[in-house]
Each structure stands twice: as structure tokens, then as C-alpha cells.
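The values are calculated or read from the model by the stated rules, or taken from the named source; none is laboratory data. Computed from a predicted model, the values in this text were never measured in an experiment. FYI the Cβ positions are ideal-geometry reconstructions off the backbone, even for glycines, and counts take in every protein chain you see. The area values use the complete protein model at the heavy-atom level, side chains included, leaving out ligands, DNA and RNA. Shrake-Rupley method; radii C 1.70, N 1.55, O 1.52, S 1.80 Å.
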Amino acid sequence: MQINGKNIAIKVEALSFNYQNNVVLDNISFEIMEGEYVGLIGPNGGGKTTLLKLMTGLTSTQKGKILINGLSPEKARRKGKIGYVPQRIVQTNIQCPATVEEVVTSGRISTDLKAIETAMLDTDVEKFRHRSIEDLSGGEKQRVFIARAMASDPSILILDEPTTGVDIQATKNFYSLLKDLNQWHKMTIIIVSHDIEAVAKEVDSILCLNKQLVSTCKHEDMKHNSAEILKALYGSDKNFIHHHHHNV
Amino acid sequence: MFEIFHYDFMVRAFTAGFAIAIIAPLVGIFLVTRRYSFMADTLAHVSLAGVAAAFLLGLQPVLTALALSITTALTVEKLRSSGKVLGEAGLAIFLSGGLALASVLISASHGINLNLSSVLFGSIATVTTTDLWLILSLGLVVVLTISLIYRQLFAISLDEELAIVSGLPVRRLNQILVVLTAVIVSLSMRIVGILLVGALMVIPVMAAMQFKKSFLKTMIISVIISIFSVISGLFLAYYLGWASGGTITLISILIFFFASILSLRR
């Protein structure tokens, strides 16, 4: 699938999802091109997590379809096409004894030492490869799990609320890592966040989701229209800022 | 000191004990990290019903216990993965059910000579040649299986959801894990006894985890702790006439305490 000579990385078509008679996603369609860096924002309960679970194949679709590189999410993940970094990884205490190297290696089904080394070098975790993950800070742990996601040479990288529970410096490093992966490795990245201001500075385009797709816009438009987008998403700016803070 | 090896039954007990000491923590580490430790105890109670049934019907006790606990393990795993019954609550039903069935079968078979205390707490004198061959051959199968799917099992221990997105056949891996657990439980009941099988799978692993090493090293340390507990436990059990299972378990708990103190002081 190609548009203007570029391949489509993710195609979502007329996707709807209900949970216990509640509409969670209502007829959503969009396309993400290969190498695009996309922010997915929206209020809690707006369907962001559900959309992620559908894209990663953790939940089966009910109506409409999702294609990742032309494959269903279930097929795409079996081919190691989806790199996923969930939010809770940074926040929860991992009960499993493991070194950084072991965690990164577990991201790849077949052992390919070179791919694993590359993933560790690209994310700058190689220097503490023998340390136990228990001893890492939130920011370091996050890098390790990005390295783990990168180990399978995915075609897309999906990150859920990645900066929650990570300090300011680590957040900065994190965004510059994503920028590198996007620019140098042409990685397609989808980042889910509440923090529209931080994300808007980084990404190429933004998908605003509140059960329906409220708006999709490119970076340039965002600067001018961010107030309107916020209004459409949250009702008012104030509300949004409030919303943001109780998540910290 | 080594005159005890002049007795065939002691040689059998030590060989069987050594084999079980290796395989129990090898599978146990995946139960502990997946917070599924209770599974071993549940299957042990179901195995007791299997042993009782075998005595009543004149079947081979280890094989009967094995068949019943594998069936139970797969049923429990199916219920758990479908989300229909809460993990622990589901296990509790099977644990009590197994014990209840065992007690009914034992009471129904009065007159049949089932040495209950040796089944419950382990007895070194009861390892038969058939048991030994079963333990060695199935033990080898366990070791081979673990070495083949070690990486995958580690991935689901780290995080099940991530493992699914990485394309691993998580449901199948979970099934293999519970079947291996059932195998070990049935094999080890002669040595450690049904009530303490879970201990051998869990306590050496918890002791090894205190050292905060890599997963692989933790696994190796837990096997060493387990071998030490079993061998020293069997010696003590023989010379002092104690129940082997209880002695082995107490030694491993002592090691766990020492390991915790060491890790706190670091």
C-alpha cells in the first residue's frame, strides 16, 4: 500500500469498539505513514488504551479493521513487527530477577546477538548491561524496555504514557532518543500521552481521540490550533491542565 | 559415614533426591516469578487423591497421580486464561477438592495398606526401582524441555503482556509450564511428601533471588541450594530417623533466612 510513494505503516478503517454496552471507539479511520512520528492524545476514557490494545493485538477487533504493514495485528506481532513499551513497566516493581541484557534479549524470539547489541547501543543501555533491572531508575528502566522493543527490529514502536513517573532530565533524554530512532532509523513511532504540550513539540502529527477522532493535524497546524484542539478534546484549556496534573 | 550407601534403598533415595533437587527449582523459578507458587501445592493435593485412587484400584501410584495432576493443571490453566475464575480462588477449589477426594478414597479403602504419613511427609525408604526410573527419565524430559524453551519462559515471567506482543505463543507456554509442574509434583512426592513438594519448588528459588543476580544465575544458585538441602536433609533423615520431606524443607528455609540476612547487610 502506497500513498505519494510512501508506504502505509498502519491503516485503521471504520474501527468501532464497545465494552459492556458502552461505546469506547466510534467509527475511527486514519492512516500512519512509514517513518511518521505520531502523538495520540485524549482524555482518560477516551479510548487511547483500547486503541493501543487493538493495534498490538492484545484485544481482538469487533468492527472495522486494523492493518499493520498490510497484516492483521496478530500476524504482525508474530513476525516481531510491533515494538511495545507499556506504561506500567516504569511504575511497577518487576518481580523477576533479570539483568538489562536478559530483558533486551527477551524481546527477540530468535537469538540474533547482533540485533540485540545494536538495540542496546542505540538506546545507550549497553554500558549497564550487566546490572539488575531492580537497581535502575525509572528513566533507565524505560530505556531498557525501549531497547527490548527494538531488539526484534520492529516496523512500529508504540509507547503508552512513557514519561509518567520519569524525572525531567530523563524525559528530555527520552524524547531525544525517540527523535534519533525516528530520524536515523526511520522508525514509525506512536506515542500515547496526556502531555499535549510536550508531545506537540516532538511529533510530526497528532491524533486527538475522544471516542471519535476529534482531529488529526500536522505539527505546523498544531501551534496555531492547539487551543481549539484542547477545547474540542477536553471542553476547556483549564480542564486539560487540571487533568494533566492529577496524573503526575 | 558412607555405609548408608550399602543399602540399595538409600542409593535409590539419594539418586532420586538428587534428580528432583535439580528439576524442582528449574520449574519452580517460573512459578515464583509468575506468582503462581500456589499451583504446586494445589497439584500436590490432587496427587494425593491420585495416590489414594491408585491404592484402591491397584494402579501404579506415581503414574496415576501424574495423570490426575496433569489433567487438573490443564483445567486450572484453561480457567485462568479464560478469566472465568480468579487465579487463586480457582486454585483453592482444586486444592480442597483434591484433599477431600483423597480423604474419601482413603476412608473407603480401609484395610488397604496405604502408609499415609510417608505419602504426606516423604519417606526415603519407599523409593522403588520403578519410581527411580520414572524420576530419571521424566526428569530428563523436564530438563530438556526447560533448556529448549528457557528464553520464552523467561519472557513470560518478565511480563506476560509484552511476551504476547512479541509474538510468543503464551497460552501454549503456560500449558507446558503447568504440565511440567504436575510432573515434578508427582515425581517428588516419594522424597519430600505431598505436603512439602511446593516447598522444594519455591523456597530454594526465593533464597536464590535474595542475591539479585541475573535470571540464569538465580536459577543455577537455586539448583545448588536445592541439591544441598536435599542431600544434607536425606543424611539427617537417615541418621536421626526424621521425615525426609520435613528435614529437607527446614534446611532450605534456614538457607533462605541466611540469604535474606546477607542481602539485607549488603
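If the segment from A:Asn44 to A:Ile168 were pulled out straight at 0.36 nm per residue, it would be longer than the present Cα-Cα gap by 42.4 nm.
Against the criterion of solvent-accessible heavy-atom surface with a 1.4 angstrom probe, B:Arg35, B:Arg12 sort, most first, into B:Arg35, B:Arg12. Using only the Cα atoms of the protein assembly as shown, build the gyration tensor, take square roots of its eigenvalues as a ≥ b ≥ c, and label the shape rounded, prolate or oblate: rounded if a/c is under 1.5, else prolate if a/b is larger than b/c, else oblate. In terms of gyration-tensor shape, prolate.
3J(HN,Hα) along the stretch A:131-144: 6, 6, 5, 4, 8, 8, 6, x, x, 5, 4, 4, 4, 4 Hz, from the Karplus curve 6.51 cos²θ - 1.76 cosθ + 1.60 with θ = phi - 60°, whole Hz, x for Gly and Pro.
Taking amide H as placed 1.01 Å from N in the peptide plane, A:Gln212 has its amide H under 5 Å from the amide H of A:Asp26, each at least 5 places away in sequence or on another chain. When the listed pairs A:Lys48/A:Lys81; A:Lys127/B:Lys212; B:Lys78/B:Lys217 are checked against a 27 Å cut-off, the alpha-carbon distance exceeds it for B:Lys78/B:Lys217.
Modelled label positions at B:Leu59 and B:Phe258, each set 7 Å beyond Cα in the direction of Cβ, lie 4.2 nm from each other.
Computed from point charges on the beta carbon alone (+1 for Lys and Arg, -1 for Asp and Glu), the dipole magnitude for the stretch B:76-231 about its Cα centre is near 220 Debye. The HN-Hα couplings worked out from phi for the stretch A:201-216 by the Karplus form 6.51 cos²θ - 1.76 cosθ + 1.60 (θ = phi - 60°) are 5, 9, 8, 7, 8, 10, 10, 9, 10, 9, 6, 10, 7, 5, 7, 10 Hz, whole numbers, x standing for Gly and Pro. Residues in the stretch A:52-69 carry Karplus couplings, in order, of 4, 5, 6, 5, 8, x, 6, 10, 7, 6, 9, 9, x, 9, 10, 10, 10, 6 Hz; the curve used is 6.51 cos²θ - 1.76 cosθ + 1.60 with θ = phi - 60°, and Gly or Pro positions show x. Its alpha carbons give the stretch A:1-160 an Rg and a Dmax of 17.0, 50 Å. Which of the three applies to the stretch A:65-169, rounded, prolate or oblate, going by the alpha-carbon gyration tensor with a ≥ b ≥ c and a/c under 1.5 meaning rounded? Here the stretch A:65-169 falls in the oblate category. When the square roots of the Cα gyration tensor eigenvalues are ordered a ≥ b ≥ c, the ratio a/c for chain B is 1.5 or more and a/b does not exceed b/c, which makes its shape oblate. Only one residue of A:Met120, B:Phe211, B:Phe121 has its Cα farthest out toward the positive end of the dipole of the protein assembly as shown, where Lys and Arg carry +1 and Asp and Glu -1 on Cβ, and that residue is B:Phe121. Over the protein assembly as shown, dividing the summed -39,500 (n - 2.57) contributions of all DSSP H runs of at least 4 residues by the number of residues returns a 222 nm mean residue ellipticity of -20000 deg cm²/dmol.
Here each label is just a point 7 Å from Cα along the line to Cβ, and for B:Leu74 and B:Trp242 those points are 4.0 nm apart. With the simple spin-label model, which puts each label point 7 Å out from Cα in the Cβ direction, the A:Glu126 to B:Ser81 separation comes to 3.8 nm. Rounded to the nearest 0.05, what FRET efficiency is calculated for A:Arg88 and B:Glu3 with R0 set to 60 Å and r the Cβ-Cβ distance? Efficiency for this residue pair is about 0.55. With every protein chain left in place, what is the accessible area per residue of the protein assembly as shown in square angstrom, probe 1.4 Å? That works out to 45 Å² per residue. The residue among B:His110, B:Ala24, B:Gln152 whose Cα reaches farthest toward the positive pole of the charge dipole of the stretch B:2-265, with charges on the beta-carbon of Lys, Arg, Asp and Glu, is B:Gln152. For the stretch B:157-233 and the stretch A:102-126, what is the separation of their C-alpha centers, rounded to whole Å? About 26 Å separates the Cα centre of the stretch B:157-233 from the one of the stretch A:102-126. Of the residues A:Cys96, B:Ala49, B:Tyr239, the one whose Cα sits farthest towards the positive end of the charge dipole of the protein assembly as shown is B:Ala49 (charges of +1 on Lys and Arg Cβ, -1 on Asp and Glu Cβ, taken about the Cα centre). Within 13 Å, Cβ to Cβ, of A:Ile189, how many net charges do the neighbouring residues add up to if Lys/Arg are +1 and Asp/Glu are -1? Computed value for this residue: -4. A cut-off under 12 angstrom between Cβ atoms defines the neighbours of B:Leu177, and their net charge, with Lys, Arg +1 and Asp, Glu -1, is +2. Within the stretch A:72-111, the residues that become at least 40 Å² less accessible when every protein chain is included than when their own chain is isolated (1.4 Å probe; DNA, RNA and ligands ignored) are A:Arg77, A:Tyr84, A:Arg88, A:Gln95, A:Cys96, A:Pro97, A:Glu102, A:Ser106, A:Ile109. The charge dipole of the stretch B:2-265, taken about its Cα centre with unit charges on the Cβ atoms of Lys, Arg (+1), Asp and Glu (-1) only, comes to about 560 debye.
Multiplying the residue separation of B:Glu88 and B:Thr129 by 0.36 nm and removing their Cα-Cα distance gives an extension gain of 11.1 nm. The calculated pair-distance distribution of the stretch B:1-159 uses every alpha carbon pair, bins of 10 angstrom beginning at 0, and gives 10, 32, 35, 19, 4, 0 percent.
Taking chain B as a Gaussian network, Cα atoms linked when under 10 Å apart, which of B:Asp41, B:Asp131, B:Asp159 shows the biggest mean-square fluctuation? Greatest mean-square fluctuation among the candidates belongs to B:Asp159. Mean separation of Cα pairs under 8 Å and 6 or more residues apart, divided by the residue count, gives the stretch B:2-265 a relative contact order of 31 percent. Charge dipole of the protein assembly as shown (Cα centre as origin; +1 on each Lys and Arg Cβ, -1 on each Asp and Glu Cβ, all else neutral): 380 debye, rounded to the nearest 20. The amide H of A:Gln87, built 1.01 Å from its N in the peptide plane, has A:Asp160 as neighbours under 5 Å, considering only residues 5 or more places off or on other chains.
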